[in-house]
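Below is one structure, written out as structure tokens, with a few remarks after it.
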Amino acid sequence: MTRHMTGTREDWLTARLELLKAEKDLMRRSDELARRRQELPWVLIDKSYRFETDEGDASLTDLFRGRSQLLIYHFMFGYGFRLTDERRGCTGCSLVADHFDGVIPHLNGRDITLVCESIAPLTELQHYKRQMGWRFPWVSSLGSDFRYDFGAAFTEEQQRNGADYNYQHVDQPEPQKEGMSVFALKDGAVYHTYSTYARGVEALMGTYQFLDLAPWGRNEEGLEFRQAWWRRHDEYDKQ
């Protein structure tokens, strides 16, 4: 445990008021970023994508489930952090996905559908979903170009010769990476509106927001790598 300065209540309040100014400024800048994000031009999707779902074969339009907005999380499966023969879902993506079930009713109430997508047989996704106790929709894009086209998976040729990930060139990209892509449905047409990758998906990880409120924060200094503490939600007592 690190040492920390102490002070009087008056010292704390003076410092807290200074911090409050910075917090309010950050919130205003965050609001401005959200506005700019929503003003990005939409790109018409003119390619057909098929997915395997719990209800059967589905198109990208079907994934909206009657709503006008769609968030698709690109979940790494069969590749990623701390895989085992029994648990082939990436531990980091599992941490992200732990936040989905609680928020889905609120998103649905705002005309938004949230879905996970992975390059894996649907039966394997369903098995892992049961292990983790999740309820959110999870579809298989196996056999589709979808994940590749939206920058979260890379062909063998791309892995050899390089490709763009998170809007910059990577000489040897990994087979899969995490990310989220966002779509709108208007007048029967689907549009791509936004995608984010890498640390961009931290916005989906409410756990980090709680850690940032705690006295020791994320407390990742000194770890071999910053994700070293991540576990699946039922594995922390097995360390």
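Note on the range 53-82: residues that are at pLDDT 95 or above and either of a type in the set (Phe, Trp, Tyr) or not in a strand (DSSP E or B) (or both) amount to 17.
Just wondering, is there one or more residues in the range 135-150 that are in contact with a His (Cβ under 9 Å, 6 or more places away or on another chain) and either among the aliphatic types (A, V, I, L, M) or surrounded by fewer than 19 Cβ atoms within 10 Å (Cβ to Cβ) (or both)? So far as the range 135-150 goes, no, none of its residues is in contact with a His (Cβ under 9 Å, 6 or more places away or on another chain) and either among the aliphatic types (A, V, I, L, M) or surrounded by fewer than 19 Cβ atoms within 10 Å (Cβ to Cβ) (or both). Considering the range 1-40, the residues that are assigned to a loop (DSSP other than H, G, I, E, B) and either among the aromatic types (Phe, Trp, Tyr) or over 22 Å from the mean Cα position of the chain (by Cα) (or both) include one that is modelled with the lowest pLDDT, namely 1. Within the range 167-175, is there a residue that is at pLDDT 95 or above, crowded, with 18+ Cβ neighbours inside 10 Å and either touching a strand residue (DSSP E or B) at 6+ places or on another chain (Cβ under 6 Å) or within 24 Å of residue 108 (Cβ to Cβ) (or both)? Yes, the conditions are met somewhere in the range 167-175. Taken as a whole, the condition of being in contact (Cβ under 8 Å) with a residue 24 or more places away in the chain and in contact with an Asp or Glu (Cβ under 9 Å, 6 or more places away or on another chain) does not apply to residue 191. Taking the criterion of being at pLDDT 95 or above and either among the polar types (S, T, N, Q) or more than 15 Å from residue 71 (Cβ to Cβ) (or both), would at least one residue in the range 99-106 satisfy it? There is no residue in the range 99-106 that is at pLDDT 95 or above and either among the polar types (S, T, N, Q) or more than 15 Å from residue 71 (Cβ to Cβ) (or both).
The values are calculated or read from the model by the stated rules, or taken from the named source; none is laboratory data. Note that the coordinates shown come from a computational prediction; the quantities given were computed from them, not determined experimentally. Because the Cβ atoms are built from the backbone with ideal geometry, glycine has one as well, and the counts that use them run over all protein chains shown.
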